[in-house]
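Data first, discussion second: the structure below is written as structure tokens.
The values are calculated or read from the model by the stated rules, or taken from the named source; none is laboratory data. The shown structure was predicted, so the numbers you read here are calculated from the model rather than taken from an experiment. Reconstructed Cβ throughout: ideal geometry from the backbone, glycine too, with neighbour counts over all protein chains shown.
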């Protein structure tokens, strides 16, 4: 069964304190791995897509990496505005276009 | 700007009543999805559509139905609401072509409470 597990469930950081969020996945064939950000009371917002092991994507203070079993979202020198829930999702082969399996998310709080 | 809108944003109903949640997108996307989000379960797929007249069941489709009569709209109907269907519902859309088929554009969500 295709499955996505995120850890930790919650993470509290001080402003400037770098850390990483983990997303472990089990899928029959990975078509893509996606990271989303969700603010309270809002819908998820797309951040990154990773397609193959070794691939990395960066956006401001965020960097996503991918291996054959997991993905990490590294947050460098976070700011309070980075506080949100970060969701990881996978799209499994064979190509069910857009059908994603989501993890439960990691809620990040960055204190000033 | 293109967008995806859901209505109502908040709804309280009683057990056994029929409820319809609306979803309208102006991205001209063929793919549309309904997810529910609950504590401890994350986002779970209810129904999805790859185009007009196409509908498919997702992971948690029991008690829900959808119809797709045009590209822009995918209403979600709860035929007989149950307390277990209390949740936050998100509609999403994506383009069917290109690499980023998993880049979903989400609405703001509809919070449904069934008493």
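Under the condition of being in a loop (DSSP other than H, G, I, E, B) and more than 27 Å from residue B:4 (Cβ to Cβ), which residue from the range A:16-32 is farthest from the other protein chains (Cβ to nearest Cβ)? Of everything passing the filter in the range A:16-32, A:16 is farthest from the other protein chains (Cβ to nearest Cβ).
Okay, residues lined up against (1) at pLDDT 95 or above; (2) farther than 24 Å from residue B:49 by Cβ:
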| site | (1), (2) |
| --- | --- |
| A:7 | yes, yes |
| A:15 | yes, yes |
| A:26 | no, yes |
| A:44 | yes, no |
| A:66 | yes, yes |
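Within the option set A:13, A:47, being touching a strand residue (DSSP E or B) at 6+ places or on another chain (Cβ under 9 Å), under 19 Å from residue A:79 (Cα atoms) and facing another protein chain (nearest Cβ under 10 Å) holds for one residue only, A:47.
Among the residues of the range A:66-81, are any within 14 Å of another protein chain (Cβ to nearest Cβ) and over 24 Å from residue B:92 (Cα atoms)? Looking for residues that are within 14 Å of another protein chain (Cβ to nearest Cβ) and over 24 Å from residue B:92 (Cα atoms), one finds at least one in the range A:66-81, hence yes. For the range A:33-46, the set of residues classified as closer than 24 Å to residue B:89 by Cβ, in a strand (DSSP E or B) and in contact (Cβ under 8 Å) with a residue 24 or more places away in the chain consists of A:34, A:35, A:36, A:37, A:38, listed by residue number. Between A:77, A:64, A:89, the distinction of being touching a residue at least 12 places away in the same chain (Cβ under 8 Å) and part of a loop (DSSP other than H, G, I, E, B) belongs to A:77 only.
Every residue, every condition in (1) in contact with a helix residue (DSSP H, G or I) (Cβ under 9 Å, 6 or more places away or on another chain); (2) surrounded by fewer than 16 Cβ atoms within 10 Å (Cβ to Cβ), yes or no:
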{"site": "B:6", "(1), (2)": "no, no"}
{"site": "B:11", "(1), (2)": "no, no"}
{"site": "B:22", "(1), (2)": "no, yes"}
{"site": "B:33", "(1), (2)": "no, no"}
{"site": "B:65", "(1), (2)": "no, yes"}
{"site": "B:69", "(1), (2)": "no, yes"}
{"site": "B:78", "(1), (2)": "yes, no"}
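Residue count for the range B:39-59 under the criterion of being within 23 Å of residue A:88 (Cβ to Cβ) and either facing chain A (nearest Cβ under 8 Å) or modelled with pLDDT of 95 or more (or both): the result is 10.
Restricting attention to the range B:80-98 and to residues that are part of a strand (DSSP E or B) and within 11 Å of another protein chain (Cβ to nearest Cβ), the residue that is surrounded by the fewest Cβ atoms within 10 Å (Cβ to Cβ) turns out to be B:88.
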